[in-house]
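All remarks here apply to the structure that follows.
Read-outs throughout are calculated quantities, based only on the coordinates presented, and are distinct from any laboratory measurement. All values reported here derive from a predicted model rather than from experimental measurement. Positions of Cβ are backbone-derived with ideal geometry, glycine not excepted, and every protein chain shown enters the neighbour counts.
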């Protein structure tokens, strides 16, 4: 069965200039693209631009046909077809500076002007066009030119002049246009500008068939001239004429082309600036974010820029990226200095370390922070020791001065008479009373030492634990292959041991100096030599000191320190408890031995015990007070503490002191019963 010829029944759009993209619809337009062998629009062959879609649809671009004509499709199977619709082609009036895909007949414009001896203005035609695409108001001016000159004295409404004023143009041509229409006109103008900014490549793509036709025509002309011109004189003369015409055209349009090149370069620079504005604005953004303290955003921006521009070969990008790297280097130094500033919270230190790791600052900021924190801790402990030892020496000198004032006989001119003598004695007594009731220096020392260790050492230990666990590096970088040097485990363990040993020996130097007698002289002096006072720490303050030490030891034990460090602080707590127990018992023995001086021999009758003096009650008070202090120090054991009576020597010593305490009361009774009473006793008797 024969296949009917192609039939075109529809076209969209129905008219347009050369190069218009049209959609052709109909019947039997071919089985496939190979079946399509011909397409003529207004008598012009447009097969090269045809794009077969289906048997009922073809998309093509029109050629340089002018006027209304038919659309004829030819196929291998159906032959030459027919159509029931037509397409009207027309030429747009194009200026000398506008691009065109077809040859322009300039005989009516250029030649006529040349015949009259004057050149045509390239913008003459364009001045009559409305750039907004609006024509509802006509072309008649609505304002008089004199009025516009008064409002814009140095401006003009002509777009071809340098002093063109958009406000003048709008008042002259669109003063009554609605705002919505003006917005639509702005959109139209933007679309036109976008079409012009596509460049010659896009223009060539949209007019490929016309360009090929032009090249084919030129090639055919060249062959014909070469065939007719045997000697080649005409070809050479034509080539010379063409070169002269090109030189003349370049000279005429050199200024225009120069402005075009400058505008193109400016447009390209602005396009690059807009496309890569992230990099160009990065130095300013980094500075602002650092000032605001938004360090995460700074690091994220730098990591993004590094991944995009680290290996770039574009000079402008390399210059900006170098400036960014200089800012990041300063940022690294700032973070490093903040990391070494102490005291600082643990979370803040972890943040700074992660920032430095993300910035690839080099080295190991976490390990450097640990070393710096250990040195700072040792320095703080040493400063605390020196400060309180110096203050203790000053107090010792003051005590010696007060004792000399109390014991040295005063000359007549020193004592005076009456009120002067009384005031001098009162002043000495006030100084003695102030010294007696002031907090002992060693007590203030142990309190400050305890605060330094309990507030700062846990952060030091936790930071080291996080470093060796890898959370400071893996969490930020995701590098699971990173391994900590095994030697640093031992180094950190030694650093912890050094801090704990220094703290324990500082406490021993103040309260248990005899326990450090076997140390070398230089090492012993490192822990401080406290001045020897006649009046040591009052026994009432000693339980408070033990309480401070035990509290510090308890907080350190909860950190799960290495075994040797834990044993060291537990031994310190044990020795302090033992020392406190022995001191309290010895003080109680001394107080009981002196009870005979407090006997007043005032007998109080009692139905149960008969007549008794105040002496048994005083003895009972001393024993009860001692037992109350010993109950906290001896009986109440905290987690991890050694049992105070676990050593035989301690048991024997405590038993001996308790025995002496009871025997001391017997000695006191013996003195009262068989020795001569003292002067106080005589007066009371």
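Do you know the relative contact order of segment 7-89, to the nearest whole percent, from alpha carbon pairs under 8 angstrom that are 6+ apart?
Here the relative contact order equals 38 percent.
How would you rank 144-157, 74-87, highest first, on the average number of other Cβ atoms within 10 Å across their residues?
74-87, 144-157
Can you list the equivalent-ellipsoid semi-axes of segment 174-226, largest first and in whole Å, using the square root of 5 times each Cα gyration tensor eigenvalue?
Whole-Å semi-axes of the equivalent ellipsoid: 43, 12, 7.
Can you order the peptides 310-321, 53-64, 276-287 by their average number of other Cβ atoms within 10 Å per residue, highest first?
Put in order of decreasing packing, that is 53-64, 276-287, 310-321.
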